[in-house]
Amino acid sequence: MDFFELTSRRRSLRKFSDRKVEHHTIEKILNAALTAPSSRNSHSTRFLVVEDRALIKHMSYMRDYGSAFMAEAPVAVLVMGDKNATDLWVDNCAISATFVQLAAEAEGLGSCWVHVAGREHAKGHPEMGDAESYLRTFLPIPEDCGVECVIAMGYSPYTEVKPRPEKDNSDKVAWLK
Ligand SMILES: Cc1cc2nc3c(=O)[nH]c(=O)nc-3n(C[C@H](O)[C@H](O)[C@H](O)COP(=O)(O)O)c2cc1C
């Protein structure tokens, strides 16, 4: 698929079919994501691939809004950054996560970003801790790593691609000629 067709087809997917995602497909996607640019070539991003359905369900409770849908995803990729490698680990994570989403699309999978960094476990209840601390209670997240997001992915149950709504983006790009 041509890159521009890929970017126009990609939409966040929050429902998944039961079709298994093969190990080599996940590896191919992550190998592509590992080529992402990183500050000073620091390659600070780390991935934790979760395929265990019970664990993914547990992960879906990390926030009380915006993460529930991932309970049905066959694959959840936790995107983390080594804080010792660079101060720009968050930026590196965001680029890596975007590569994961684009590579997933190229492999015929859909995906959705589920945000972790700075998000409360229960909105309006800071005393209950944050999403990252919750995930740390049952996932092997290295101490030196911060968690940016989870990319939930799997095959789409839909036969049609949801069309991207027409938008006037003329105010988003400025030109100096
Ligand atoms: C930084 C970031 C955080 C996001 N967090 C969530 C999230 O926590 N839960 C969710 O369902 N979608 C999340 N999304 C997906 C966006 O809602 C989605 O990309 C946006 O609505 C545009 O839709 P599209 O991806 O289909 O173009 C996030 C996306 C980004 C880039």
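The values are calculated or read from the model by the stated rules, or taken from the named source; none is laboratory data. All values reported here derive from a predicted model rather than from experimental measurement. Counting neighbours? That spans all protein chains shown, and the Cβs are built from the backbone with ideal geometry, glycine included. Side chains are part of the model used for accessible areas, which takes the heavy atoms of the whole protein and leaves out ligands, DNA and RNA. Shrake-Rupley method; radii C 1.70, N 1.55, O 1.52, S 1.80 Å.
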- Message: Can you compute the FRET efficiency between residue 159 and residue 138 using 1/(1 + (r/R0)^6), with r the Cβ-Cβ distance and R0 = 30 Å? Round to the nearest 0.05.
- Response: 0.25
- What accessible area, in Å² to the nearest ten, does a 1.4 Å probe give for residue 88? 70
- Item | Heavy-atom SASA rank of 113, 89 (probe 1.4 Å, accessible area, largest first) | 113, 89
- Task: For residue 20, go through the aspartates and glutamates and keep the ones whose alpha-carbon is under 15 Å away, minus same-chain ones fewer than eight residues off.
- Result: 51, 52, 72, 107
- Query: Per residue of the chain, what 222 nm ellipticity follows from adding -39500 (n - 2.57) for every DSSP H run with n ≥ 4, rounded to the nearest 500?
  - Reply: -8500 deg cm²/dmol
- If we count every other residue with Cβ under 11 angstrom of residue 72's Cβ, Lys/Arg +1 and Asp/Glu -1, where does the sum land? +3
- Options 147, 96, 135, ranked by Cα towards positive dipole end of the stretch 28-177, top entry (Cβ charges): 96
- Task: Roll a 1.4 Å probe over the protein heavy atoms and report the accessible area of residue 145 in Å², nearest 10.
- Result: 10
- Taking a cut-off of 29 Å between Cα atoms, list the lysines near residue 15, but don't count ones fewer than 8 places away on the same chain. 28, 57, 123, 162, 167
- If you bin the C-alpha pair distances of the stretch 3-154 every 5 Å from 0, what whole percents do you get? 2, 10, 20, 22, 21, 16, 7, 2, 0, 0
- Query: Per residue, how much accessible area does the chain have with a 1.4 Å probe, in Å²?
  - Reply: 59
- 77, 161, reordered so the largest accessible area comes first (probe 1.4 Å): 161, 77
- Message: If the only charges are +1 at each Lys and Arg Cβ and -1 at each Asp and Glu Cβ, what is the size of the charge dipole of the stretch 3-154 around the Cα centre, to the nearest 20 debye?
- Response: 440
- Note on the structure: Stretched fully, the stretch from residue 106 through residue 90 gains (0.36 nm per residue minus C-alpha distance, one decimal, in nm) 3.3 nm
- Rounded accessible area of residue 26 (nearest 10 Å², 1.4 Å probe): 10
- Accessible-area ranking of 99, 3, 47, 16, largest first, probe 1.4 Å: 3, 99, 47, 16
- Message: Need the C-alpha centroid separation for the stretch 106-135 versus the stretch 16-68, integer Å.
- Response: 13
- Message: Can you return the lysines within cross-link range of residue 172? Criterion is Cα-Cα under 18 Å, with same-chain partners fewer than 8 residues away left out.
- Response: none
- Carbon and sulfur: what percent of the stretch 3-154's accessible surface (1.4 Å probe)? 52
